[in-house]
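Trainee: So that we are looking at the same thing, I have put the structure below in structure tokens.
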Amino acid sequence: MTKKRRRPIQVLMIDDDQQFASPFIKRARKYQVLITNKTNLQEGLHELQNNSKYQAVILDGKAPIHPQQAKGTEAENFVHEAIMRLREMELRQERPLPFCVHTAWRVQLEPSLRQRAALFDKKKTAVDEEEMQALFEFLHQEVGQLEDSKIKQQFPEVFDFADRYLDQEDVSLLLSILADKSMAKREQMLERLAFVRRLEESILNVFCREALKVDPLLYGMDGQSRTKDLIELIKVRKLAPMHVSFLTYIIYATLSSIVQHKAPESSEYYNYPITPYTVKTFINGLLDIILWVKDSIENGLREGSIMHDFQPPR
């Protein structure tokens, strides 16, 4: 039986030794670890703050705190400052950030770290493949315990699509609607439904761009909704199975009225009745749409699609 391939993990490294970093990053790819390196703490923290893709961090033992710091003045306080700032970011963003320290100064650092971080020795990983593998195995195990990772493992096909075609903000929204969070209040349910509606728009844009090879911006130029135009195209051209075509319309029409536009009190959509089951129904519908789009991209448009006279808008 073929061993299941691991999902790649995204890791930020903070290390000022570029001669070390470049070959290390190449070696990491072998272990499904995709590394972006920053050479000082200030730029590393800025990257983490503004980019949710990172799942773990590798810290050098000694590196500059800021880009203006003179070469040769790196000190042991770097790693202690870095750990403190990472912990602050975890609390502020409610975002777990596993990390380890990869340093040539392991013997000097170990007493002061007092087991606050896993330590890996650069002198050993440079020459011993098992030591290198142990570092990357540690990162995979730590990331695998994160809630986001567990969700991705539960829906592998969905996130194969999402990680490839959706931007980071949309991937975060998708993780949010699939997380096991409370839906006891109406506001919580409406928030999830709003995310579903937004994600439908992004997913249909992907279908247009990747499966039809047409710029989605060409639709909706007549003053109508681009999403509405694409849903009509899918229906008329029979581009999706009947239930998927129906789902695209129901999600768009219902959620636009419930969550996107403030319904007047006289409207049937004012205080529209919703339950946690309603929310789950729309989420499952969205997942069905994702799998249809993924299949359309990978295997071509479904048999029976009417495309012989198709002309994109101009």
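The values are calculated or read from the model by the stated rules, or taken from the named source; none is laboratory data. Computed from a predicted model, the values in this text were never measured in an experiment. No Cβ is skipped: glycine too gets one built from the backbone with ideal geometry, and neighbour counts run over all protein chains shown. Just the protein is used for accessible areas: all its heavy atoms, side chains included, with ligands, DNA and RNA removed. Shrake-Rupley method; radii C 1.70, N 1.55, O 1.52, S 1.80 Å.
Trainee: Could you tell me the accessible area of LYS185 in Å² (1.4 Å probe, neighbours in place), rounded to the nearest ten?
Mentor: Solvent-accessible area, nearest 10 Å²: 130 Å².
Trainee: Under a crude label model (7 Å from the Cα following the beta-carbon direction), how far is ARG314 from SER267 in nanometres?
Mentor: 3.8 nm
Trainee: Using r as the Cβ-Cβ distance of ARG29 and HIS243, and R0 as 35 Å, what FRET efficiency do you calculate, to the nearest 0.05?
Mentor: According to the calculation, E is roughly 0.30.
Trainee: Next question. For the chain, modelled as a Gaussian network with Cα springs under 10 Å, which listed residue fluctuates most, ILE274, ILE83, ILE251?
Mentor: Taking springs between Cα atoms under 10 Å, the residue moving most is ILE274.
Trainee: Let me ask something additional. If you count only protein heavy atoms and use a 1.4 Å probe, how large is the accessible surface of PHE161, to the nearest 10 Å²?
Mentor: 0 Å²
Trainee: Right, another one. Out of the total accessible area of the chain (probe 1.4 Å, heavy atoms of protein only), what percent is carbon and sulfur?
Mentor: 49 percent
Trainee: Give me the percent of Cα-Cα pairs in segment 49-121 that sit more than 16 Å apart, rounded to a whole number.
Mentor: Of the Cα pairs, 50 percent sit more than 16 Å apart.
Trainee: Using the Cα centre as the reference, give the magnitude of the dipole from point charges on the C-beta atoms of the chain (Lys, Arg: +1; Asp, Glu: -1; all else neutral), rounded to the nearest 20 debye.
Mentor: 360 debye
Trainee: Here is a further query. How much accessible area per residue does segment 240-306 have, counting only protein heavy atoms and a probe of 1.4 Å, in square angstrom?
Mentor: 58 Å²
Trainee: Computed FRET efficiency, Cβ-Cβ of GLU201 and GLU129, R0 45 Å: what is it to the nearest 0.05?
Mentor: 0.45
Trainee: Could you name the lysines in cross-link range of LYS228, using Cα to Cα under 17 Å and dropping any fewer than eight places away on the same chain?
Mentor: Within reach: LYS238.
Trainee: Assuming a viscosity of 0.890 mPa s and a temperature of 25 °C, what translational diffusion coefficient in µm² per second does Stokes-Einstein assign to segment 88-141, Rh being the Kirkwood radius over Cα pairs?
Mentor: 198 µm²/s
Trainee: Can you tell me which aspartates and glutamates have their Cα less than 12 Å from the Cα of LYS152? Leave out same-chain residues fewer than eight positions away.
Mentor: Within the straight-line limit of under 12 Å, LYS152 reaches these aspartates and glutamates: ASP160, ASP163.
Trainee: Any chance you could check the Cα centroid distance between segment 196-222 and segment 139-155 for me, in angstrom?
Mentor: With segment 196-222 and segment 139-155 each reduced to a Cα centre, they are spaced 30 Å.
Trainee: Let me check against my output: what whole-number percent is the relative contact order of the chain, with C-alpha pairs under 8 Å and at least 6 apart?
Mentor: Relative contact order of the chain: 12 percent.
Trainee: Applying 1/(1 + (r/R0)^6) with R0 = 51 Å to the Cβ-Cβ distance of LYS213 and SER112, what FRET efficiency is obtained, to the nearest 0.05?
Mentor: So, using R0 = 51 Å, E works out to roughly 0.35.
Trainee: Another question, if that's okay. HIS46 to LYS71: extension gain in nm, 0.36 nm per residue of separation minus the Cα-Cα distance?
Mentor: 6.9 nm
Trainee: So, one more: Which of GLU187, GLU232, GLU131 moves the most in a Gaussian network model of the chain with Cα springs under 10 Å?
Mentor: Greatest mean-square fluctuation among the candidates belongs to GLU187.
Trainee: Using 0.36 nm per residue of separation minus the Cα-Cα distance, give me the extension gain between THR275 and GLN93 in nm, one decimal.
Mentor: Going from the current span to full extension adds 62.6 nm.
Trainee: Using +1 on the beta carbon of Lys and Arg, -1 on that of Asp and Glu, and nothing else charged, what's the dipole of segment 134-267 about the Cα centre, debye to 20?
Mentor: 580 debye
Trainee: Over 18 Å between Cα atoms, which of LYS150/LYS181; LYS150/LYS294; LYS185/LYS280 qualify?
Mentor: LYS150/LYS294
Trainee: Another question, then. Let me have the 222 nm mean residue ellipticity of the chain computed from DSSP H runs of 4+ only, each contributing -39500 (n - 2.57), with the sum over all residues rounded to the nearest 500.
Mentor: -16500 deg cm²/dmol
Trainee: May I pose another question? What length, rounded to one decimal in nm, is gained on full extension from GLN188 through to ILE306, with 0.36 nm per residue of separation minus their alpha-carbon distance?
Mentor: Here the answer is 38.4 nm.
Trainee: For segment 17-112, compute the number of Lys pairs whose alpha carbons are separated by less than 23 Å, excluding pairs fewer than 8 positions apart on the same chain.
Mentor: Counting lysine pairs in segment 17-112 gives 9.
Trainee: Using percent of Cα pairs over 31 Å apart as the read-out, say which of (1) 36; (2) 27; (3) 46 was calculated from these coordinates.
Mentor: (3)
Trainee: With point charges of +1 on the Cβ of Lys and Arg and -1 on the Cβ of Asp and Glu, referenced to the Cα centre of the chain, which listed residue (SER305, LEU255, VAL206) lies farthest in the positive direction of the dipole?
Mentor: Result: SER305.
Trainee: Angle check, please: helix 186-206 long axis (alpha carbons) against the longest principal axis of the chain (alpha carbons), in degrees 0 to 90, nearest 10.
Mentor: The answer is roughly 90 degrees.
Trainee: Tally Lys/Arg at +1 and Asp/Glu at -1 over every other residue whose Cβ is under 11 Å from the Cβ of ARG302; what's the total?
Mentor: 0
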